[in-house]
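Just so it is clear, none of the values below were taken in a lab; they were calculated from the coordinates. Since the model is a prediction, treat every value here as computed from it, not as a measurement. Positions of Cβ are backbone-derived with ideal geometry, glycine not excepted, and every protein chain shown enters the neighbour counts.
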Amino acid sequence: MLKKITAALALGLALGWAATASAQETLKVGVILPYSGPFADAANQLQAGIDLYMSQNGDEVAGRKIEIIRKDTGGPNADAAQRAAQELVVRDQVDIIAGFALTPEALGAAEIATEAGKMMVVMNAATSIVTERSPFIVRTSVTIPQLNYAFGKWAFEEGGVKQAYTLVADYGPGHDAEASFSKGFTEAGGEILGSDRTPVANPDFSAYVQRVRDANPEAVYIFVPGGAQPAAIGKALVDRGLAPPDVKILAQGELTHPEALESMGETARGIITTFHYTLERDDPLNNEYVAAYGEANNGRAPDLFSIGGYDGMHLIYETLKKTNGDAGGEALVEAAKGMAWDSPRGPVMIDPETRDIVQTVYIREVQEVDGKLQNAIIHSIPDVKDPLHGAN
Amino acid sequence: MGNIAIVLFDGLAFGMLLFVLSVGLSVTLGLMNFINLAHGAFGMLGGYVTVLAMRQFGFPFLLTLPAAFLAAALVSVVLERTLFRRLYRAGELNQVLFTIGLVFVATAVATYTFGTGQQPIILPDWLRGSVEIAGMRFGVYRFFLIVVALLIVALVHFGLERTRLGAQIRASVDNQRVAQGIGLDVERIFAVTFALGSGLAGLGGALAIEIVGLDPSFGFHFLVYVLIVVAVGGLGSVAGSFAGAALLGIGDVAGKYFLPEIGSFLIYLLLVGILLVRPMGLFGKR
């Protein structure tokens, strides 16, 4: 009898001890991403960025073990993201929520982050407004106006383009891109000849491209989501003779990501893009990152999603170090404000006022380097902030 | 004037791609009354076969097209013999649920095998770029698409009208019971037709990579277009599929060109309009 009681007691104690120990040590990060559906590739690349950072830096920070819990939203679904955030906070009792490839996901979860007082790390969703939706949001990716406002200015002042036509995908990020490029471009003195919007899931661009050709502009500015569309629109442009040097093609960096470049081949030469991450940028930190990423992912190259996830994890690790493992939302966000580090993309900083990222914007041109077409940086604009924050 | 010519040309080329992707479904639907929503998945299979053949084995592009056809046809025969035939007599809901489930499975298999990324292919030089005719630039690959589609129309038409198998297929479509009564092996005809239809989808998938890309969501992505072509054209009619696909392609491109604000919407209006006037489709019999 006594033996049994002792055994039970011992067991109970052991379990209780284990429970408290793990409660103290394990730190849960809930990652909300569209792991399935049409944006699964984005989620995959972002997750690979997270995984790479953790495999390089260990899964223990400030004496606490980091555990990742994934939640799938299936696509740009605000309700699904809100539900996922709620479950993570209430049932899984996570300390930090992160991920968010798409703007609707981030907007859906923002309220939960505020109510629960958890730091929310936005690793991609690139609409300007996202960080204004909760004081607990910190962004480690990019904003579309950040890239395109500066690009519009550059196109007129240094690119020598006097008039342009814009062609963007008909959804939030596309509208943002159109507005911010046009603003930068016209403020500098340029003229927009016309603008069209294409459906988000558009299989064939020939009609729109023909409209651009009819307007006969000096340059065409393009924004399409990554995936199949960059190569499709690039080829449609060139088939119409809308190609450098006759007509300049300006775009956000998705247009010339590695798969699209491979598919477009020679026709991509001379396309000018604006981006915050350039795979080919020759920098020891970046070279090491690209090599390690390829090794972990069957030779695949990292993209904008990967770097958002990678730097997002860096931010989580560093803020935890700064708070000595205190995962309270306020403490972490406070620690994140003004934090600066050297990322594979270049120097970055979290703006203490807007909690948004401040970084270098690279203007690149597709050129042949060592017999291979790639995005060669022709101009860098350091320390660019989102131009829209505080504007409204 | 030149603009209209080029819009017609582009629309026709896109329509021809849709035709190759959907003609098989139209025939199997008309023939067997079997609602195969997994048709696009066979197209995806053809696409991946082409990518694999070009990358791993260095096949030239043209040679991968018959390979894509054969692979899709073979896999479809296996699936037809083991799975699909069990559902021929089942209700429509069961067929829809089963085949849409199959698309999910295909998507998962493609994701597992090839990853979620886009699979670009590099076409031979003679298929790239454009030619200038009378001051207008026409894409070479689009010419190629139209030629291939016309060849297929000719082959399918000849096959259906002039061969023994074609006569048997037509007989089975028109009246299955009588066809069976006079001693035709309708089940075998089903299997062969199914394989040919799926093979054409595979070929369509291979041809589509250059225009619309290839990733694991291909099977879903094209389902809507394919179903519109079949509905507009009428079940079981090759000519109907051809007319429906051409109309859809040209309507889509012309709508986007002349009325970009509502352009992407126009084909659905067209669909509703046509079905209101002709509920069986342009060339539908039943």
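Numerical summary
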item: Net charge contributed by nearby residues that have their C-beta within less than 14 Å of B:Gly115 (K/R +1, D/E -1); result: -2
item: Rounded to 5, the percent of DSSP beta bridges in chain A classed as antiparallel; result: 40
item: Alpha-carbon gyration tensor eigenvalues x 5, square-rooted, for region B:61-113, Å; result: 25, 15, 8
item: Computed [θ] at 222 nm, helices only, for chain A once each DSSP H run of length n ≥ 4 contributes -39500 (n - 2.57); result: -14000 deg cm²/dmol
item: Peptide B:211-224, shielding by other chains (average Cβ, 10 Å cutoff); result: 4
item: Mean Kyte hydropathy of -1.0 or more with a Cα span along the axis of at least 24 Å, helices from DSSP in chain B; result: B:2-32, B:39-56, B:61-82, B:92-114, B:140-162, B:186-212, B:238-258
item: Per-residue mean of C-beta atoms belonging to partner chains within 10 Å, peptide A:245-253; result: 0
item: GNM flexibility winner over chain B from B:Gly135, B:Gly219, B:Gly240 (Cα, springs under 10 Å); result: B:Gly135
item: Members of A:Lys162/A:Lys248; A:Lys65/A:Lys118; A:Lys162/A:Lys385 lying beyond 22 Å, as alpha-carbon distances in this model show; result: A:Lys162/A:Lys385
item: Dipole in debye (nearest 20) - the protein assembly as shown, about Cα centre, beta carbon charges: Lys, Arg +1; Asp, Glu -1; result: 2680
item: Alpha carbon centroid spacing (whole Å) that separates region A:240-303 from region A:322-392; result: 19
item: Mean-position separation - Cα centroids, region A:139-158 and region A:35-64, in angstrom; result: 27
item: Kirkwood Rh and Cα Rg combined as Rg over Rh, evaluated for chain B; result: 0.97
item: Calculated log₁₀ intensity ratio I(q)/I(0) where the Debye formula runs over C-alpha points of the protein assembly as shown, q = 0.06, 0.09, 0.11 Å⁻¹; result: -0.39, -0.82, -1.12
item: Positive-end extreme of charge dipole, region A:217-369 - chosen from A:Gly299, A:Leu285, A:Ala243 (charges on Cβ); result: A:Ala243
item: Spatial separation of Cα centroids for region B:62-130 and region A:79-134, in angstrom; result: 37
item: Translational diffusion of chain A, µm² s⁻¹ [Kirkwood Rh, Cα pairs; Stokes-Einstein; 37 °C; 0.692 mPa s]; result: 150
item: Interchain or long-range residues, amide H under 5 Å from A:Ile69's placed H; result: A:Val29, A:Gly30, A:Val31
item: Other protein chain Cβ atoms within 10 Å, averaged over every residue that makes up A:31-40; result: 3
item: Net +/- balance of residues flanking A:Gly75 in space, Cβ distance below 15 Å, scoring K and R +1, D and E -1; result: -3
item: At least 30 Å along the helix axis (C-alpha) and Kyte average at least -1.0, DSSP helices within chain A; result: A:2-25
